[in-house]
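Mind looking over this structure? Questions follow.
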Amino acid sequence: MSVTFDPSLCVSCGACAAACPGTLIAAGDGAPARILYPGDCWGCASCLKACPARAVRLYLPPALGGRGGLLSYGTEGGRAVWRLERPGRDPVPFPWEPEGEGDY
Ligand code: SF4
Ligand code: SF4
């Protein structure tokens, strides 16, 4: 798995790099965030949740997201909302409320 960053949204705060348990991301150096070791990403989505600019998306396996399927993260009314994004289709939201701090 791997992630992709939208350089037009990234404010180079470094939060995604700090959240990544694998130290796979370079960020916070004035340049847009980028993944250094995409093959080592296991898709924990911590960087998506940490990004205040919602600039990070997770590539989905084709069986889940089809060709080019991405997962995005946001919040609405205090609830987490994940969205499945596929080229040429409307995003599909699925609200999900975590049960506790750090719960995945
Ligand atoms: S999804 Fe997890 S492992 Fe992959 S880059 Fe983001 S924080 Fe690191
Ligand atoms: S957390 Fe978001 S805004 Fe901050 S460096 Fe990472 S991608 Fe850019």
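Can you list residues from other chains, or at least 5 along the same chain, whose modelled amide H is less than 5 Å from the amide H of GLY14?
GLY28
What does the charge dipole of the range 3-96 about its Cα centre add up to, to the nearest 20 debye, if the Cβ of each Lys and Arg holds +1 and the Cβ of each Asp and Glu holds -1?
Numbers: 9 positive and 6 negative charges, 45 e Å.
Here the range 3-96 has a charge dipole of around 220 debye.
Can I ask one more? Just to confirm a number: summing +1 for Lys and Arg and -1 for Asp and Glu over residues other than ARG67 whose beta-carbon lies under 14 angstrom from that of ARG67, what do you get? Write down the numbers at each step before the final one.
Numbers: positive: ARG86, ARG89; negative: GLU85.
Around ARG67, the charge tally is +1.
Compute the signed sum of charges (Lys and Arg +1, Asp and Glu -1) over the other residues within less than 15 Å, Cβ to Cβ, of ASP6.
On the way: positive: ARG34, ARG54, ARG57, ARG83; negative: GLU85.
Its environment carries a net charge of +3.
No partner Cβ under 4.7 angstrom, meaning no disulfide-compatible partner by this rule: which Cys of the chain qualify?
So far as the 4.7 Å Cβ criterion goes, CYS10, CYS13, CYS20, CYS41, CYS44, CYS51 stand without a partner in the chain.
Quick one: the Cα spread of the chain along its three principal axes, in angstroms, biggest first?
Projected onto the principal axes, the Cα atoms of the chain cover 33, 32, 25 Å.
Can you give me the relative contact order of the chain as a percent, contacts being Cα pairs under 8 Å and 6 or more apart?
Numbers: 200 pairs, mean separation 21.9, N = 104.
Relative contact order comes out at 21 percent.
Hey, another quick one. Rank GLY66, THR4, TRP82 by how far each Cα sits towards the positive end of the charge dipole of the range 3-96 (+1 on Lys, Arg Cβ; -1 on Asp, Glu Cβ) and give me just the farthest.
In the range 3-96, that residue is GLY66.
A short reminder: the numbers here are calculations on the coordinates, not readings from a lab. Just so it is clear, the model here is predicted, and its values are computed rather than measured. Virtual Cβ from ideal backbone geometry, glycine too; neighbours counted across all protein chains shown.
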